[in-house]
Amino acid sequence: MIKVNGFEIKTGTFTDGTIKFDSSSEWKQKFYSAVSPTDIKISWKYENDTELFKLMCIVDMIKRFGKKTSMTLDMLYIPNARQDRVYSAEESFSLKVFASVINSLHFDSVRVLDPHSNVSVALLDNVEVVSVEYYFLRRVNYKLSEMNKHIDMIVCPDAGAHKRYGKVKAFGENIPHYFGNKVRNWETGEIEDYQIVASDKDSFKGKNAIIIDDICSKGDTVKCTAKALKALGVDNIYLYVSHCENGVDLESLSCAGVTHMFTSNSIFNKESDFVTILD
């Protein structure tokens, strides 16, 4: 979904399948009203790769309208970030290709949230990384306080996440941080062993923990983390992920021990009492 200054740009298709913008006078009036301000903000909530061409066409229309002085792209989720390097000549450097297209549109600022790969930040021009702690984790803590809940410990699913969130203080200055260590079978993709790295495991009993990570696809690693925490006697387990894919199995997360999940609205659009979506 793409919006220009809050106006959603809906499109159809021609008979050959190519993109078609509404040509009605009412639609044109709304569009020109949206792009009349000199400062333009385009918000892109990623759904699929075809939206990239749609974005290119929208920028073209805005530039031909000729009144903009600055143009910002809010693209909280960066597509293709998983393909952030190549190991052989037969592979595509998809992230670099994507970044090249975005850079060609010459945005004054590209705002992103919790990039899955730091390579994306290096490849994108004029990038601004939105603060996870300031804009999201503080709000999570506030919402938990409204539920009369408090966090006793922060747990990251692996060492990489711990490196990313190891200094988070949104839940208190002296909240201890822990992380998990997983052994994965790279042939099958299965996690064969998972342990919480801690020397004081007896202190976990009866505590409330929050798991923090950048992205959740199926949720396998998070489920391992939650099960390991439950085995240590943790009472309530909350989960925050910046980007949650719609294919995640919410029921299995709950069965693994997760009490409630928080995520941004970058890509997730399911409705569930189990999830709080933060705008």
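The values are calculated or read from the model by the stated rules, or taken from the named source; none is laboratory data. Owing to the predicted nature of the structure, the values given are computational and were not obtained by experimental measurement. Because the Cβ atoms are built from the backbone with ideal geometry, glycine has one as well, and the counts that use them run over all protein chains shown. Just so you know, the surface numbers come from the protein's heavy atoms only, side chains and all, with ligands and any DNA or RNA stripped out. Shrake-Rupley method; radii C 1.70, N 1.55, O 1.52, S 1.80 Å.
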Margin query: For segment 163-206, give me each residue that is open to solvent by 70 Å² or more (accessible area, probe 1.4 Å) and in a loop (DSSP other than H, G, I, E, B).
Written below: LYS167, LYS169, GLU173, ASN174, TRP186, GLU187, THR188, GLU190, SER199, LYS205
Note to self: Residues that are within 30 Å of ILE277 (Cα to Cα), touching a strand residue (DSSP E or B) at 6+ places or on another chain (Cβ under 8 Å), of a type in the set (S, T, N, Q) and assigned to a helix (DSSP H, G or I): does segment 19-34 have at least one?
What the structure shows: yes
Check: In this structure, is LEU73 within 30 Å of GLY247 (Cβ to Cβ) and part of a helix (DSSP H, G or I)?
Finding: no
Next item on the list: Identify all residues within segment 237-273 that are open to solvent by 30 Å² or more (accessible area, probe 1.4 Å), farther than 19 Å from TYR194 by Cα and either polar (S, T, N, Q) or within 20 Å of the chain's Cα centre (by Cα) (or both); write none if there are none.
Entry: GLU245, ASN246, GLY247, ASP249, THR259, ASN265, ASN269, LYS270, GLU271, SER272, ASP273
Next item on the list: Go through segment 35-55 and count every residue that is within 16 Å of MET1 (Cα to Cα), touching a residue at least 12 places away in the same chain (Cβ under 8 Å) and open to solvent by less than 70 Å² (accessible area, probe 1.4 Å).
Entry: 9
Checklist line | Close pairs (6 angstrom Cβ cut-off, 6 or more residues apart or separate chains): without any contact (Cβ under 8 Å) to a residue 60 or more places away in the chain and within 11 Å of SER120 (Cα to Cα) in segment 83-105, among the charged types (D, E, K, R) and surrounded by 12 or more Cβ atoms within 10 Å (Cβ to Cβ) anywhere | finding: LEU95/ASP84
Check: Among (1) farther than 16 Å from GLU128 by Cα; (2) in contact with a Ser or Thr (Cβ under 6 Å, 6 or more places away or on another chain); (3) open to solvent by less than 60 Å² (accessible area, probe 1.4 Å), where does THR11 come up short?
Finding: (2)
Note to self: Looking for something in contact with a helix residue (DSSP H, G or I) (Cβ under 6 Å, 6 or more places away or on another chain) and open to solvent by 60 Å² or more (accessible area, probe 1.4 Å) - is there at least one such residue anywhere in segment 119-137?
What the structure shows: yes
Notebook entry, point to check: Which of the residues belonging to segment 17-32 are over 30 Å from the mean Cα position of the chain (by Cα) and polar (S, T, N, Q)?
Noted result: SER23, SER24, SER25, GLN29
Margin query: Checking ASP152 against (1) touching a residue at least 40 places away in the same chain (Cβ under 8 Å); (2) of a type in the set (Asp, Glu); (3) over 19 Å from PHE262 (Cβ atoms): exactly one of these is not met. Which one?
Written below: (3)
Margin query: Checking the condition free of Cβ contacts under 8 Å to residues at least 12 places away in the same chain, of a type in the set (Phe, Trp, Tyr) and out of contact with any Cys (no Cβ under 6 Å at 6 or more places or on another chain), which residue from PHE31, PHE14 passes?
Written below: PHE14
Item checked: Considering residues of segment 69-118 that are closer than 28 Å to ALA34 by Cβ and small (Gly, Ala, Ser) only, the residue surrounded by the most Cβ atoms within 10 Å (Cβ to Cβ) -> ALA99
